[in-house]
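Take a look at the structure below.
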Amino acid sequence: MHEGRGQLSVRFGKALACAGVAWHGGAVVDPGSGDVVYGRMRWNAPLSEDHAELLLERLAVAVGDEVLDLGCGWGELLLRTVVDKPDAKAVAVDSDAWALQRGRNAAVLRGLSERVTFVTGDISTWVAPADRVLCVGACHAWGGSAEALKALCRVVRPGGRILVGDEYWERSPSDRAAAFCGAGVLPLSGLVEAAVTAGWRVIHLSTADLREWDDFESTWRAGRLEWLLDNPDDERAVLVGQKLEEQLREYVDCYRGVLGFAYLVLTS
């Protein structure tokens, strides 16, 4: 939830590549393409429609605000943020060319292309501030949660707000889960403390529930499962199927109910 799946995308993308799935051309759609892997996903985070609505209410974008989304992916949450604010303008930054183009296409379809600009860039070096900022699933770009919360202070104008979405340990992880998820994941208390230490005040805190996680994981696999059902005789089908089974087991056996995802609306 970057909406480019953040640290989750880093882990899972590498897992797919290591499986040897893809990536050559042909008449059949590439099972490793963004259209397949992310095509069934609303956004790249464990987040329901009603939870998203709540977060946007707490972010409280006002008419005329400038909005920034760092690690935007295809920017679905950002587009919803500004769609009913006619004078609000937004910049969405990511390094994923496919996701950015999906975002641009969506902005055109919704009549927002003149107010929302999608930019290719390194979010960790972005310094232009905004009134409202989103950074969901992208804290790894700064090296971890604590580092990101400090760095993000420079991109929020005085009196502004930021929505940060980040992983945390819901309960103590097994050695397997800790190794799989990587270093730097904090418990929820540590994540909140890191925000306060960085100088933020917490306006809102909520976490993804298991239903949101299950839907997130299921829709992430759904595009490739549909590809597999449509292309059972493709030479890549066996590897795609094996990887889908492996990822389902990893989720259920390794980090389901262990790795959490928190949403914090912060102000300074």
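The values are calculated or read from the model by the stated rules, or taken from the named source; none is laboratory data. Computed from a prediction, not measured in an experiment: that's the story for all the values here. Because the Cβ atoms are built from the backbone with ideal geometry, glycine has one as well, and the counts that use them run over all protein chains shown.
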Q) Looking at the stretch 174-209, which of its residues are closer than 17 Å to Ala52 by Cβ and not β-branched (Val, Ile, Thr)? A) His204, Leu205, Ser206, Ala208, Asp209
Q: May I ask you to list the residues in the stretch 162-183 that are surrounded by 15 or more Cβ atoms within 10 Å (Cβ to Cβ) and either over 27 Å from Ala90 (Cα atoms) or hydrophobic (A, V, I, L, M, F, W, C) (or both)?
A: Ile162, Leu163, Val164, Tyr168, Trp169, Glu170, Pro173, Ala177, Ala178, Phe180, Cys181
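Conditions tested, residue by residue: (1) closer than 21 Å to Trp200 by Cβ; (2) modelled with pLDDT under 95; (3) touching a strand residue (DSSP E or B) at 6+ places or on another chain (Cβ under 8 Å); (4) charged (D, E, K, R).
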| residue | (1), (2), (3), (4) |
| --- | --- |
| Arg104 | no, no, yes, yes |
| Ile123 | yes, no, yes, no |
| Val133 | yes, no, yes, no |
| Glu167 | yes, no, yes, yes |
| Asp175 | no, yes, no, yes |
Q: Considering each residue of the stretch 208-227, count those that are among the aliphatic types (A, V, I, L, M), under 13 Å from Leu248 (Cβ atoms) and buried (at least 20 other Cβ atoms within 10 Å of the Cβ), and give that number.
A: 0
Q) Can you tell me which of Val21, Val29, Val37 is in contact with a helix residue (DSSP H, G or I) (Cβ under 9 Å, 6 or more places away or on another chain), at pLDDT below 90 and within 27 Å of Ala177 (Cα to Cα)? A) Val21
(Q) Out of the helices (runs of 4 or more DSSP H) lying entirely within the stretch 134-232, which hold 2 or more residues that are within 20 Å of Asp69 (Cα to Cα) and out of contact with any Pro (no Cβ under 9 Å at 6 or more places or on another chain)? (A) 145-151
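Quick grid of which residues meet (1) modelled with pLDDT under 95; (2) closer than 30 Å to Thr267 by Cβ; (3) not in a helix (DSSP H, G or I):
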site: Met1; (1), (2), (3): yes, yes, yes
site: Ser9; (1), (2), (3): yes, yes, no
site: Lys14; (1), (2), (3): yes, no, no
site: Pro86; (1), (2), (3): yes, yes, yes
site: Ala92; (1), (2), (3): no, yes, yes
Q: Quickly run through the stretch 109-153 and pick out the residues that are closer than 12 Å to Val164 by Cα and β-branched (Val, Ile, Thr).
A: Val133, Val136
**Q.** Residue satisfying condition, being of a type outside the set (D, E, K, R) and closer than 13 Å to Asp166 by Cβ, within set Val185, Val240, Val196
**A.** Val185
Q. Out of all the residues in the stretch 96-117, is one or more in contact with a helix residue (DSSP H, G or I) (Cβ under 6 Å, 6 or more places away or on another chain), outside any loop (DSSP other than H, G, I, E, B) and of a type in the set (D, E, K, R)?
A. no
Q) Mind checking which residues of the stretch 233-268 are under 17 Å from Ser33 (Cα atoms) and surrounded by 14 or more Cβ atoms within 10 Å (Cβ to Cβ)? A) Asp234, Arg236, Ala237, Leu239, Val240, Gly241, Lys243, Leu244
Q. Does the stretch 190-205 contain at least one residue that is within 30 Å of Val36 (Cβ to Cβ) and within 20 Å of the chain's Cα centre (by Cα)?
A. no
Q: For residues that are part of a helix (DSSP H, G or I) and under 11 Å from Arg132 (Cβ atoms), scanning just the stretch 59-78, find the one that is nearest to the chain's Cα centre (by Cα).
A: Leu78
Q.
Criterion first (surrounded by fewer than 16 Cβ atoms within 10 Å (Cβ to Cβ) and within 26 Å of Asp175 (Cα to Cα)) does Asp230 satisfy it?
A. no
